[in-house]
Amino acid sequence: MSEERAAPASDAPLEEFSSWPEELCRRELPTVLPRLLSMCQHSDGWVEHIQILKTIVEMFLPHMDHLTLEQAFFSQVLPKTVKLFDDMMAELTGQARELSSQNLETQTTLRNILQTMVQALGALTGCVRHVCATQGPVVLNSIQSLPASVLHVIRSTFVHCKNSESVYSGRLHLVSDLLQALFKEAYSLQKQLMELLDTVRTDPASDEKGGALDMATVIHLLLDICAAISGMDHAFHANTWKFIIKQSLKHQAGVRGRLRHRDIVTGLCEDALCSFQAGLQLAEQTARAGAQDNADYKLFQKTLKLCRFFANSLLHYTKEFLPFLSDSCSALHQLYLQTHSRCPPSLFAASLSDAQWEEVVASFLAALDPLVTQLLAFQPFVRAVLDGTPELPCELQFPQCLLLLAVMDKLPAQPEHVQALWCAGSRDPGAASRVSLLGAVFCSFEQCAGELSLPVRLQGVRGEGQAEAPVTLYQHVCVRLCAFIASLHPSLFPELDTALLDAVLSADMIAALLAVDAWCFLARYGTAELCAHHVALVARLIKSCPGECRQLTHLSVLLRRLFFFMAPSHQAQFTREFAPREAENLPLWQHVPFQAFPEALRRPAAQEVARAGAAHSRGWLAGSRSASELPSLASALSAVLAVCSSAGDALEAAQRAELAEVGSRLWASLHGHLVSGQPSVQQTLGLLLPLLGFFVQTLDPQLTSEVVALQAELLQSGPPDHVRLAVLDFAGSLGTLLIPPALQDRVLPALASVFALLLADGSWLLEQLALEAFTQFAEGTSHEEIVPQCLSSEETKNKVVSFLEKTGLVSETAAARAERVKQEKRVFCQCPARVASGGGARSPSPQPPAKRARGEPRLEEEYRSALRAAMGALEAIGSLLRRCPAPDWLPREMQLLQEKMGELQRHGPSGDP
C-alpha cells in the first residue's frame, strides 16, 4: 500500500500537497522535498516560487530536523526568495507612476504583486515560527541564512512603505489596504524574528564564517531597519534599538571587534536628537494651547520617555564599548551641543514653560551628564571637545562653553593623569594642535558676547546659609574657573600660567578681564611671594610692550589689581627694583595704583615719580624739543598724571606748584601744534590737558582762556577719541572755576561750544562721559548763563534730561532685546574677519569720494597740517641718524622720497583740482 501511495507522491501536482495528511507529509518528506526544491530553483515567476515556498513551509517544514534546516532548506531556497522579492519591489516601484483609477490593468498588476509579497512575508514568518518552536537551544550557525534573508526583506518593505507617499504620488488610496497589510506582516515577522534571536546562541568554537560574525551581521541589518522605520512607529523603533543594544551586550565578547560602532552611536545620537526636537515642538504647541491634559501634552511626555531611553542606551553602550568609540566622539559631542542649544538659557532655546523644562531636564538632559563623566578619561573625546580648528555655528558656541565648564567641574574628582589629559594640551610636535581645557574655556568665552550682553542667567552656586540665585554668565564662568584653579594639581600650574597669560594678552577684552579676575584669585589664594613674583613679571612685560596696544591695556589692568594684594615689604622691594628715577622705569609708573600703597610708602613713591616726571619734562624743554622725543615725554606725563589722579594729596605744595609751572611751559611750547594732526603731538597734549585740569585753580587765567579757545577750534577738526576725552576732562574741571570778567566774553562762548560739540558726539562712550562731565560742570559753575548755550539742539536737551532722570531714550522689551542679540550674534558669526579685527574695519565705499572744490574753507590749513606732519617725520629721521648708524636700505628710500618731492614741486602749483 505504501508503494501505491509513494508513486503518485513523486509526480503529484503542487495543489494536491495541501490536502495531504500530516503523517503522509512526514513520510514522503525525503522524496518530495528534493522535487520541491528543484521546482523552486527552476520556477519561472515569483508567484510560482512563493506558492512552492508556502507549500514547503506549511506542509513539510514541521517534519524537518532543525539541525539540518540550514543545509537542506534555508540555504537553497531563501537566497532566491530574497532576489525575487527585490524583483517584485523593483517592479512595484517602476509601475507605481502609471497607477491611476482609470488604468485598471496597472492597478490589478500592482495589487497582485503586493498580495504576493504579503504571502512571501507570511511564508517567512512560518519559517521563523517553526524554528522558535524547536525544542532545545538553537545555534545561530545552524540557521544563518534565515535571519539575514528575513531582515533584508523586512527592511525593503519598511523603506517602500515609508516612501509610499512619494512613490504613489496622490494615488496611494488605490493600494493603501494592501500596503497596510504588507507593513503589518513585516512588523509581525520582525517581532517573531527578534524573539527567535533572543534565544539563539553563538558557537564559540565556530570560525569567522559563523557565530559572532553572523550575529554582527544581524545587528547591522537591524541597524539599517532602525534607520528605515525612524519616524514611522516610535514604539517599534525603540524596541528595535533596545534589541540591538541587548544583543550587542549579550554577545559583546565575540562581536565587539566586528560591530560598526560608529554607525550605532551616530544612529542613537541622531534619533535622540530627533526625538528631542519633536518633543520641544509638541511642548510649544501645548504651551500655545494653554492646556496640560490634551493629547499633545501626553505625546510630549511619551517623547521625553523616548529621549530618556536613547540617552540611557548611549550611556550603557558607551560604557561597554568605550575603547572602540574613537571615531564616535564627534557625534556624542554634537549631541550635547545641539540639545543644550535648544534649552535655557541659550538664546536659541524653545519657548516652553518652567514646568515643561523641569521635565525635559529630569527626563533627558540629566542622563547626558553621566555620559560626559564616562567619557572624561577617553582621549578621543578630549580631542573632539578641545579641537579648536572647526568654527562652531553661533547657536552652538554657548553650549560649548557650558560643556567645558561641566568638564571643569568634574575634573577635580579625577586622577592626575585625567586632569593632565585635559589641561596639558598637545605637546607632541607631530600631533594635531590642541588647546588645553583652560585655553579652550577662554576661547569659548570670547564667542559668547551675545549671552554676556543680554545677559543670560544661570543657576548660581549654593553657599552655606545662602539661597541659590541666578547669576550672569560672567559670574558663572568666573566662579567655576576659580574653583578649578584651587583644585588644580601642582604639576599643571605651568599650563595654568600659560593659559592665563595668553588670555590677558589676547585681543578680546572680556576674556582678558576674566583672566585678570582669575589671576587675582590665584594671587589671593597663593602665597605673598607668588603674588610678588607675578607683579614683577607683569611689570617687565609692560616695560617690553612696544607703545600703545591692547596687550598693554590688559597688562596694566592686571598690574593695578595685583598690586593691592602685595605685602608692604614686597611693595617696597618693587619700588627699589623699578625705581622711577630710572628713565626706563618711569613709563611703568603710570600703571601703578598709588592707593594700594600704605601711607608710609605712598607719599615717598608719589613724590619720587612726580620729581622724575618733572625733571624729564624740564629736560625736554631745555633740549631740542624734537618731535621724535615726544613719546618719552608722554610717558613721563602719564606717570605724573597717575600720581595726580590717585595720590595728589601726597604731593607737597612746592611740588604741585612745580608741576603746574612745568605744565604751563609745555603748553606754551606745544599748543601751536595742536591742530597739526601729528599723532605724537596729539598724544602729548591729550595728557597735558587733564594734567592742567588738576591745577586749574592756580593756572594763569590767560592760559585757561587760551586752552578753552584752542579746544573749541580743535574739536571742529575732528580729532581722535583720546584727544576729545582729554578736552572733556579739562572742560569738566572748570565747574568750580570763576572766570575773570575781562575774559568771560572770550572763554564762556568757547566753553559752551566745547560742551555742545561733545554732547552731540556720535560715540556712545564719549556721549556718556560728556553727559557726566556736563552735569558736574552745570551743578558747580557760577556762570549759569552758559548752561543753556551748551544745549545746542532739542535732541541734546532730551539726552541731558533723560540722563538726569535716569531714564532710557529707547524702550525695548525683553523678548525684543533677546531677538536683537540673537540676530547680532548670527551676523558676527558670518563675519569672522570683522570679529577678529574688533569690528573696526570698514568696507570700502563702492564710489570714489568726490573731489573738493579749490576754494573750500580750511583747505589751506589742511595743506599746512600735512606739511607740518612731513616736517615732523623728517625731524624724527634726523634724530635717529644722530643716535645710530643708518640701515642699508635708508639711502634708497630717501632717494625715492626726494624724487616724490620733486614731482610735487613740478605738478603742485598748476595741478588739476
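The values are calculated or read from the model by the stated rules, or taken from the named source; none is laboratory data. These figures come from a predicted structure and were not determined experimentally. Heads up, the Cβs are rebuilt from the backbone with ideal geometry, glycines too, and the neighbour counts pull from every protein chain shown.
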Across the stretch 714-743, what is the total count of residues that are surrounded by 14 or more Cβ atoms within 10 Å (Cβ to Cβ) and assigned to a loop (DSSP other than H, G, I, E, B)?
-> 4
Taking only the stretch 538-557 into account, find how many residues are over 32 Å from the mean Cα position of the chain (by Cα) and either part of a helix (DSSP H, G or I) or within 21 Å of R576 (Cβ to Cβ) (or both).
-> 4
Pick out the one residue from D721, D700 that is in contact (Cβ under 8 Å) with a residue 24 or more places away in the chain and either under 26 Å from R656 (Cβ atoms) or of a type in the set (V, I, T) (or both).
-> D700
From the list K184, K162, pick out the single residue that is basic (K, R) and free of Cβ contacts under 8 Å to residues at least 40 places away in the same chain.
-> K184
Selection from the stretch 317-344 of residues that are crowded, with 20+ Cβ neighbours inside 10 Å, touching a residue at least 60 places away in the same chain (Cβ under 8 Å) and assigned to a loop (DSSP other than H, G, I, E, B) | L325, S328
Scan the stretch 704-712 and give yes if some residue there is loosely packed, with under 15 Cβ neighbours inside 10 Å, touching a helix residue (DSSP H, G or I) at 6+ places or on another chain (Cβ under 9 Å) and among the polar types (S, T, N, Q), otherwise no.
-> no
Failed condition for Q711, given (1) closer than 27 Å to Q678 by Cβ; (2) not in a helix (DSSP H, G or I) | (2)
Which of the residues spanning the stretch 414-425 are among the aliphatic types (A, V, I, L, M) and touching a Ser or Thr at 6+ places or on another chain (Cβ under 9 Å)?
-> A420, A424
May I ask you to list the residues in the stretch 572-588 that are closer than 15 Å to L641 by Cβ and in a helix (DSSP H, G or I)?
-> L586, P587, L588
Answer yes or no as to whether A833 is loosely packed, with under 11 Cβ neighbours inside 10 Å, under 30 Å from S444 (Cβ atoms) and at pLDDT below 80.
-> yes
Qualifying positions in the stretch 346-374 - under 16 Å from L273 (Cβ atoms) and either among the hydroxyl-bearing types (S, T, Y) or in contact with a His (Cβ under 6 Å, 6 or more places away or on another chain) (or both) = S346, S363
Looking at the stretch 133-170, which of its residues are outside any helix (DSSP H, G or I) and at pLDDT 90 or above?
-> N163
Go through the stretch 562-577 residue by residue and tally those that are over 42 Å from the mean Cα position of the chain (by Cα) and either within 12 Å of K543 (Cβ to Cβ) or buried (at least 20 other Cβ atoms within 10 Å of the Cβ) (or both).
-> 1
The helices (runs of 4 or more DSSP H) lying entirely within the stretch 760-812 that contain at least 2 residues which are among the aromatic types (F, W, Y) and surrounded by 12 or more Cβ atoms within 10 Å (Cβ to Cβ) are 764-780
Residue within the stretch 402-421 that is surrounded by fewer than 21 Cβ atoms within 10 Å (Cβ to Cβ) and modelled with pLDDT under 90 present | no
State yes or no: is V218 surrounded by 21 or more Cβ atoms within 10 Å (Cβ to Cβ), farther than 22 Å from L193 by Cβ and at pLDDT 90 or above?
-> no
